[in-house]
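Notes follow the structure.
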Amino acid sequence: MDIRNVVIMGSGCAGHTAALYSARANLKPLVIEGHEPGGQLSMTTLVENFPGFPEGIQGPELIENMRKQAMRFGADYHTGHAVKADLSKRPFELSVGKETIQTRTLIVASGASARWLGLPNEHALIGHGVSSCATCDGFFFSGKEIAVIGGGDSAMEEATFLTRFASKVTLIHRREQFRASKIMLDRAHANPKIAFLTDTVVDDVLDVGKKEVTSLRLRNVKSGESWDFPTSAMFLGIGHIPNAKIFESQLETDADGYLVTQKNVLTKVPGVFACGDVQDRRYRQAITAAGSGCMAALEVEKFLEEEGL
Ligand code: NAP
């Protein structure tokens, strides 16, 4: 079996950047694309804060450009996602479908996936009005009323984007203060199609019997009052959970499951590096993910050189 110099798990900003740098270092990286190829950028719309694009660039286009750039220098891409990892010996082993891949070094760039509320009926209505991806599913609710849950930048971005389709968007947030940046919050406030409901939580989503969203059961956390709020869809923008489960008990994680790194990208296992949203709970930006992908690739080069590999 071929032993790879470096395998990169994940194909978001961090993974593609690590692939570009390690490909240009002639390491012939293998990228395992993961179950959400392209990561979070592939599910977003206009990215206005990635330097180099004064007019902004669509997230899917940006990520596709990164992929092409890495491939141009010889990065290999493999569809599928790693279900098991053995980091106890070298070469490390990854199980991807029925295949076992061996590698001298590993870059974990598996990102983070959308968080769900965990409501009794939520799962049954995913794809029937419950969604975590406005760009994927917004179109289906043209002319309808939509609810967006969350108080961060994702929720503001989703709510603003969804006004393209919806007759009205109601942003529902569990507190009165918002975590979102001022510019995103101001934009949402200024949009006449967006209404705000604060101090409010969702206790359930209805109606599983009809296989569509008809209303949300809401509760005001201050007054305790409960009511049914009619809506055609519920979009979640409540953050993400790091994709590090396969490394449980092999790599150190913090209380929320983010991989713990030293000097930005080093894990406790020599030869295993982590970059992007799977290890970054502080910045979580496309540009910082790309930057840490670059660092991980440079560390791989250094590691292989030092080990005489
Ligand atoms: P976030 O900043 O962690 O915000 C998550 C929001 O969801 C918070 O308001 C939180 O409420 C709420 N929430 C979490 N769990 C909840 C639950 N179980 N029930 C109800 N509400 C819940 O996540 P994010 O908005 O996805 O942003 C993540 C990062 O990406 C941030 O750094 C952000 O700046 C960045 N981002 C940037 C852009 C942009 O610049 N274009 C766009 C999107 C995201 P609390 O506030 O009460 O905790």
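Every number here is computed from the coordinates shown, using simple stated rules; none is lab data. Bear in mind the structure is a predicted one, so any value in this text is a computation, not a measurement. Every residue, glycine among them, receives a Cβ derived from its backbone with ideal geometry; neighbour counts consider all protein chains shown.
Some observations on this one:
- Among beta bridges that DSSP assigns inside the chain, antiparallel share in %, nearest 5: 45 percent
- For the chain, the relative contact order is 21 percent, taking Cα pairs closer than 8 Å that sit 6 or more residues apart in sequence and dividing their mean separation by the residue count.
- DSSP H segments from the chain that extend 24 Å or more along their own axis, Cα-based, with Kyte-Doolittle mean of -1.0 or above: 286-306
- Sorting Met71, Met1 from the fewest to the most surrounding beta carbons within 10 angstrom yields Met1, Met71.
- Set of lysines near Lys193 by C-alpha distance (under 24 Å), chain-local residues within fewer than 8 positions excluded: Lys144, Lys168, Lys182
- When only Cα pairs below 8 angstrom with a gap of at least 6 residues are kept, the stretch 116-236 shows a relative contact order of 32 percent.
- Net charge over other residues, Cβ less than 12 angstrom from the Cβ of Ala233 (K, R count +1; D, E count -1): -2
- The stretch 1-87, relative contact order in percent, only Cα pairs under 8 angstrom and at least six apart counted: 36 percent
- A simple spin-label model places the labels of Arg115 and His35 1.9 nm from each other, with each point 7 Å out along Cα-to-Cβ.
- Residues in the stretch 33-41 carry Karplus couplings, in order, of 5, x, 7, 10, x, x, x, 5, 5 Hz; the curve used is 6.51 cos²θ - 1.76 cosθ + 1.60 with θ = phi - 60°, and Gly or Pro positions show x.
- Theoretical FRET efficiency, 1/(1+(r/R0)^6), r = Cβ-Cβ of Lys210 and Asp256, R0 25 Å, to 0.05: 0.10
- Exposed chymotrypsin sites (Phe, Trp or Tyr not before Pro) absent: longest stretch of the chain, with sites in DSSP loops and at most 15 other Cβ within 10 Å deemed exposed: 117-282
- Only one residue of Tyr258, Asn65, Val202 has its Cα farthest out toward the positive end of the dipole of the chain, where Lys and Arg carry +1 and Asp and Glu -1 on Cβ, and that residue is Asn65.
- Among Ala244, Ala190, Ala289: highest mean-square fluctuation, GNM of the chain, C-alpha pairs under 10 Å: Ala190
- Near the amide H of Glu212, within less than 5 Å, lie the amide hydrogens of Asp207, all on another chain or at least 5 residues away, with H placed in the peptide plane.
- Note on the chain: helix-only mean residue ellipticity at 222 nm, from DSSP H runs of 4+ residues weighted -39500 (n - 2.57) and normalised by residue number, equals -7000 deg cm²/dmol.
- Student exercise, the chain dipole from Lys, Arg, Asp, Glu Cβ charges, in Debye to nearest 20: 140 debye
- At a Cβ-Cβ separation cutoff of 4.7 angstrom, cysteine residues of the chain with no neighbouring cysteine are Cys13, Cys275, Cys294.
- Shown in residue order for the stretch 208-213 are the 3J(HN,Hα) couplings computed by the Karplus curve 6.51 cos²θ - 1.76 cosθ + 1.60 at θ = phi - 60°: 4, x, 8, 6, 8, 7 Hz (x for Gly and Pro).
- The calculated FRET efficiency for Glu305 paired with Arg284, based on their beta-carbon distance and R0 = 30 Å, is about 0.45.
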